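Structure first, commentary second.
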Amino acid sequence: MKNRSGTGRKLIIVSFIVTLLTACGGGGGSSNDTPPPVTADTQAPTAKINFPTSQALTTADSITVTGTAVDAQSSAITSVTVNDVAATSDNDFASWRAVVALTAGSNTITVATTDAQGNASASADSIEIKNEVALLSPSDVEVDANGNRVLLVDTALRALIAVDLTSGVRSILSDDANGTGTASFSAPTGVIVDSANGRALVADGANIIAVDLTSGDRSVLVTLAPAAIAQDIAIDEGGRLLITTFIPGDGTSSPIYKLQTASLTGGPASAADFTPAVTFGGDSSIVVDGSRALVASANGTVTSVDLANGASSPIASTGDNLGDDLVAPLDITLSADGTEAFVAEGGTAQPVIVAIELSTGARTVASGANVGSGGDIFLPEAIATDSAANRSIVLDPILNALLTVAENGDRAILTSADVAGGPAFDGPFNIEYDASNDRALVTDFDGINGDLAAVFTVNLDNGDRSILSGAGTGTGPAFQSLVNLAIDDSKVFVTDIDAQSVFSVDLADGSRTPLVTSFGASRSPLGIDVDTSSNTLYVSVIVADATSAPISSELFSLATTGTTATQVSLNGTGLRFAQNLSIDSTTGTAYIVDTRLGGTDTIADQLLAVTLAGGATSSLGSIEGNTAQQENEIPTQDITLMGNEVVVVDSFQGAMFAIDRETNVKRDISNGTIGKGVALQGPTGVSYDSSRDILLVSDRSSFAVFAVEPNSGDRIIISR
């Protein structure tokens with residue numbers, strides 16, 4: 001019969017407690033019976049910002065900020081604010097997000113926290129981030145003296161950019177989002193300031209576009225004759241627009257480089273203002289010197305053109321004994337006093353600024369090659385004169401910077417779009433998150449300024465770069481052309497497409513060991529990843545034996561400590577051009593991004609799943625974007641695993657998207673319309689940092705490493 005009163009149960013519990021106290025030495029009045037004091041919670045919750053990373057660069061006026069928060073004494077976290085904006089969370093602020101506004105220039109992002117006990121921290125975490133235009137492919141520069149600024153055009157951004165001559169702050173004066181009008185930039189290459197009419201004139205393909213210096217509004221001023229492409233522009237004393245043009249050859253005739261004119265009031269350009277026509281020996285830039293024009297051509301000449309009759313004569317040419325020969329002049333300007341022409345020379349072993357004495361034609365180095373102090377000039381793409389300060393402004397796209405060059409040749413940075421410090425990327429191709437060292441590793445395809453290829457490290461807290469292996473760092477055979485990489489606990493494995501090899505690189509000292517030096521005739525390794533459950537490398541290999549078959553791909557495996565690779569037999573969908581792969585060691589599945597080969601390939605780019613145990617291969621569906629692929633163009637694509645999704649980065653689209661591994665449903669992550677910040681130009685690698693919940697992207701066209709927030713699609717440059 002059940003004891004419904006519960007009396008028996010109470011006796012048992014009391015007896016148990018007495019026994020327990022006796023065994024512990026307890027007793028009435030003993031000090032051991034006193035419960036430990038309750039410690040008051042006096043600490044505010046801590047927080048960490050995961051995105052953006054400190055010192056990163058964005059071009060947006062707002063950004064998604066994400067992070068985590070922890071209360072050490074387990075009090076409930078009641079609020080997290082970011083720059084006074086309340087953060088949202090669905091897990092009691094263990095993770096949170098907020099969208100905050102940014103101002104031009106440097107911005108401080110500060111996180112504040114409070115808990116249920118009233119403890120508060122006004123600065124639980126704080127970072128600095130820059131909101132500024134990122135120079136991606138700048139091509140020409142001109143001084144707007146009335147506006148105390150420099151104007152430059154950027155082909156990749158399709159924009160006219162203003163740089164303050166005092167502060168160096170960059171802003172967009174005109175692009176599709178700034179200024180209105182019927183004209184849009186497509187590939188701007190040259191700019192001149194027409195102060196008398198309050199406008200800038202921009203050379204853009206076959207058009208000269210007028211841009212209002214105040215509003216940024218655009219209109220087409222001149223359209224060149226069919227097939228002609230504007231290279232550089234100037235305004236002469238008679239109020240004419242001078243245009244150096246390029247007319248491509250048609251297969252039976254050679255290209256023509258010539259000088260055309262147009263009216264500043266608009267209308268068609270004239271192809272025959274001068275008789276005979278004034279032609280040059282290559283790509284040309286122009287500056288007006290009184291009644292003549294000086295034209296610097298890529299064949300190493302500077303030509304004087306009489307603007308009254310078109311008569312031309314050389315003032316600098318090979319073998320004229322007036323100084324070292326010019327090799328590849330990139331741009332030309334006049335000195336502030338008009339007695340010299342300054343030529344941006346980019347073809348010599350060490351690029352320099354050359355001064356030409358206009359009265360004699362004598363040439364000397366004005367800056368560079370041990371003339372003047374300051375950093376080196378790597379590529380003087382364009383040069384302009386700041387007459388008010390008696391200095392030159394030089395555009396160097398390798399430095400992503402505008403340099404000032406003083407009268408004595410001294411150089412200084414006016415503005416730089418570089419992010420973080422360390423050796424510069426030449427061609428960042430692929431990227432992986434190194435969890436054991438909390439950093440990113442990047443393969444640099446081309447090497448350091450044309451030197452040996454290398455594996456870089458990128459500090460994710462501040463973006464600083466260093467070389468782990470290659471370019472004189474680490475021992476072992478030299479890299480040739482690095483492509484993709486994969487990481488395990490102590491090694492990074494890289495594919496070298498020219499060396500036709502897979503290298504093992506020690507994560508501590510950068511020493512290099514070739515594992516496989518041949519996969520067979522006409523075979524080059526491309527994609528790579530590690531199956532950590534079996535310590536096995538899987539490598540996609542490109543087969544390019546033109547004598548037997550079109551390009552195709554094969555899959556190989558080898559031990560991480562081995563030197564012999566074995567081809568994996570695949571059952572099902574075959575490989576065409578296997579760009580890269582990512583392995584889920586838990587499920588024993590390799591995901592491979594497989595692309596079509598030119599316009600004759602009717603099968604869309606697709607994501608494949610390969611069961612490693614038996615080689616069964618199936619398609620998860622198309623991974624092509626909305627833009628049709630061009631004939632014979634293969635988009636560079638990379639993949640990474642993020643939870644239950646496979647993330648794909650596509651350089652052809654400049655986009656990122658994800659495919660659910662169970663449902664095959666595709667969602668866009670970041671592209672031209674999704675996400676804010678610097679646009680991806682040519683992304684070639686992607687990796688997921690699960691500790692920060694961010695995607696890391698290497699972008700070869702931007703010479704940069706990006707971080708992308710996977711929910712909003714917001715983008716930042718963390719290192720360049």
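The values are calculated or read from the model by the stated rules, or taken from the named source; none is laboratory data. Because the structure is a prediction, the values reported are computed rather than measured. With ideal geometry, Cβ positions are generated from the backbone for all residues, glycine too; neighbour counts draw on all protein chains shown. For the accessible areas, the whole protein counts, side chains as well, though only heavy atoms, and no ligand, DNA or RNA atoms are used. Shrake-Rupley method; radii C 1.70, N 1.55, O 1.52, S 1.80 Å.
If you filter the range 594-614 down to residues that are out of contact with any Gly (no Cβ under 8 Å at 6 or more places or on another chain) and either assigned to a strand (DSSP E or B) or at pLDDT 95 or above (or both), you find that the one that is nearest to ASN535 (Cα to Cα) is VAL610. Got a number for residues in the range 523-533 being open to solvent by 30 Å² or more (accessible area, probe 1.4 Å) and either among the basic types (Lys, Arg) or in contact with a strand residue (DSSP E or B) (Cβ under 6 Å, 6 or more places away or on another chain) (or both)? Qualifying residue count for the region: 1.
With the condition kept exactly as written, say whether any residue in the range 353-371 is under 31 Å from the mean Cα position of the chain (by Cα), on the phi < 0 side of the Ramachandran plot and open to solvent by 30 Å² or more (accessible area, probe 1.4 Å). Talk me through it step by step, then tell me what you get.
Step one: list which residues in the range 353-371 are under 31 Å from the mean Cα position of the chain (by Cα), which gives 353, 367-369.
Keeping just the survivors that are on the phi < 0 side of the Ramachandran plot gives 353, 367.
Then keep just the ones that are open to solvent by 30 Å² or more (accessible area, probe 1.4 Å); that gives none.
No, the conditions are met nowhere in the range 353-371.
Exactly one of these conditions fails for LEU555: (1) open to solvent by 20 Å² or more (accessible area, probe 1.4 Å); (2) in contact with a Phe, Trp or Tyr (Cβ under 7 Å, 6 or more places away or on another chain); (3) not acidic (Asp, Glu). Give me its number. The single condition LEU555 does not satisfy is (1).
Test ASN83 against the criterion of being open to solvent by less than 70 Å² (accessible area, probe 1.4 Å) and on the phi > 0 side of the Ramachandran plot, and give yes or no. Criteria met by ASN83. Scanning the range 471-486 for residues that are in contact with a Pro (Cβ under 9 Å, 6 or more places away or on another chain), under 16 Å from GLY427 (Cβ atoms) and in a loop (DSSP other than H, G, I, E, B) gives a single hit, ALA471.
Among residues of the range 87-103 being not hydroxyl-bearing (Ser, Thr, Tyr) and not in a loop (DSSP other than H, G, I, E, B), the one that is nearest to PRO710 (Cα to Cα) is ARG97.
Restricting attention to the range 317-371, the residues that are in a loop (DSSP other than H, G, I, E, B) and under 13 Å from GLY409 (Cα atoms) add up to 3. Pairing each residue of the range 563-587 that is surrounded by 13 or more Cβ atoms within 10 Å (Cβ to Cβ) with any residue that is modelled with pLDDT of 95 or more and of a type in the set (Asp, Glu), provided the two are 6+ apart or on different chains, yields C-beta distances under 6 Å for LEU581/ASP529; SER582/ASP529; ILE583/ASP529; ILE583/ASP531; SER585/ASP531. Can you name the number of the only condition in (1) farther than 18 Å from ARG199 by Cβ; (2) modelled with pLDDT of 90 or more that ILE235 fails? Just one mismatch for ILE235, condition (1). The residues of the range 151-188 that are open to solvent by less than 20 Å² (accessible area, probe 1.4 Å), under 21 Å from ALA206 (Cα atoms) and of a type in the set (A, V, I, L, M, F, W, C), listed by number, are LEU151, LEU152, VAL153, ALA159, LEU160, ILE161, ALA183, PHE185. Tallying residues that are more than 21 Å from THR245 (Cα to Cα) and assigned to a loop (DSSP other than H, G, I, E, B) within the range 171-201 yields 6. Can you tell me which of (1) crowded, with 21+ Cβ neighbours inside 10 Å; (2) charged (D, E, K, R); (3) outside any strand (DSSP E or B) is the one ASP250 doesn't meet? Answer for ASP250: the failing condition is (1).
Is it the case, given these coordinates, that ALA349 is crowded, with 16+ Cβ neighbours inside 10 Å and within 35 Å of the chain's Cα centre (by Cα)? It would help to see each step written out before you state the result.
Values: crowded, with 16+ Cβ neighbours inside 10 Å: no; within 35 Å of the chain's Cα centre (by Cα): yes.
Judged against the criteria, ALA349 is not a match.
With the structure loaded, tell me whether ASN131 is in contact with a Ser or Thr (Cβ under 7 Å, 6 or more places away or on another chain) and either at positive phi or open to solvent by less than 70 Å² (accessible area, probe 1.4 Å) (or both) or whether it fails that test.
Values: in contact with a Ser or Thr (Cβ under 7 Å, 6 or more places away or on another chain): yes; either at positive phi or open to solvent by less than 70 Å² (accessible area, probe 1.4 Å) (or both): yes.
Yes, satisfied.
Scanning the range 375-404 for residues that are of a type in the set (A, V, I, L, M, F, W, C), closer than 21 Å to ALA349 by Cα and either over 19 Å from the mean Cα position of the chain (by Cα) or open to solvent by 30 Å² or more (accessible area, probe 1.4 Å) (or both) yields ILE377, PHE378, LEU379, ALA382, ILE383, VAL394, ILE398, LEU399, LEU403.
Out of the residues in the range 305-316 that are in a strand (DSSP E or B) and not hydrophobic (A, V, I, L, M, F, W, C), which is surrounded by the fewest Cβ atoms within 10 Å (Cβ to Cβ)?
Let us first name the residues in the range 305-316 that are in a strand (DSSP E or B), namely 305-306, 312-316.
Next, only the ones that are not hydrophobic (A, V, I, L, M, F, W, C) stay: 306, 312-314.
On the way: ASP306: 14, SER312: 18, SER313: 10, PRO314: 13.
Residue satisfying both the conditions and the ranking: SER313.
When restricted to residues that are surrounded by fewer than 16 Cβ atoms within 10 Å (Cβ to Cβ) and in a strand (DSSP E or B), the range 104-127 contains 7. With respect to (1) open to solvent by 60 Å² or more (accessible area, probe 1.4 Å); (2) at positive phi; (3) not acidic (Asp, Glu), the lone exception for LEU322 is condition (2).
Would you pick out the residues in the range 624-641 that are at pLDDT 75 or above and either over 23 Å from THR586 (Cβ atoms) or open to solvent by 60 Å² or more (accessible area, probe 1.4 Å) (or both)? Break it down into steps so the answer makes sense when it comes.
Initially, the range 624-641 is screened for residues at pLDDT 75 or above, giving 637-641.
The answer is GLN637, and nothing else.
So, ASP668, is that one open to solvent by 40 Å² or more (accessible area, probe 1.4 Å), under 25 Å from ASP176 (Cα atoms), acidic (Asp, Glu) and in contact with a Gly (Cβ under 8 Å, 6 or more places away or on another chain) or not? For ASP668, the condition - open to solvent by 40 Å² or more (accessible area, probe 1.4 Å), under 25 Å from ASP176 (Cα atoms), acidic (Asp, Glu) and in contact with a Gly (Cβ under 8 Å, 6 or more places away or on another chain) - is met.
Only residues that are charged (D, E, K, R), surrounded by fewer than 23 Cβ atoms within 10 Å (Cβ to Cβ) and not in a loop (DSSP other than H, G, I, E, B): list them for the range 419-463, please.
Initial filter on the range 419-463 (charged (D, E, K, R)): 426, 432, 434, 438-439, 444, 446, 451, 461.
From what's left, surrounded by fewer than 23 Cβ atoms within 10 Å (Cβ to Cβ): 426, 434, 438-439, 446, 451, 461.
Scanning the range 419-463 gives ASP434, ARG439.
Taking the conditions (1) crowded, with 24+ Cβ neighbours inside 10 Å; (2) at pLDDT below 95 in turn, ALA344 satisfies each one other than (2).
Against the list (1) over 19 Å from ILE592 (Cα atoms); (2) of a type in the set (A, V, I, L, M, F, W, C); (3) open to solvent by 50 Å² or more (accessible area, probe 1.4 Å), the condition ILE716 fails is (3).
Filter the range 489-518 for residues that are touching an Asp or Glu at 6+ places or on another chain (Cβ under 8 Å) and assigned to a loop (DSSP other than H, G, I, E, B); which is modelled with the lowest pLDDT? Step by step, filter the range 489-518, then rank; the result is SER490. Count of the range 405-418 residues, restricted to those that are under 18 Å from ALA336 (Cα atoms) and crowded, with 20+ Cβ neighbours inside 10 Å, is 3. Counting the residues of the range 59-72 that are open to solvent by less than 70 Å² (accessible area, probe 1.4 Å) and modelled with pLDDT under 95 gives 2.
Considering only residues in the range 279-304 that are farther than 13 Å from ALA344 by Cα and free of Cβ contacts under 8 Å to residues at least 40 places away in the same chain, the one that is surrounded by the fewest Cβ atoms within 10 Å (Cβ to Cβ) turns out to be GLY281.
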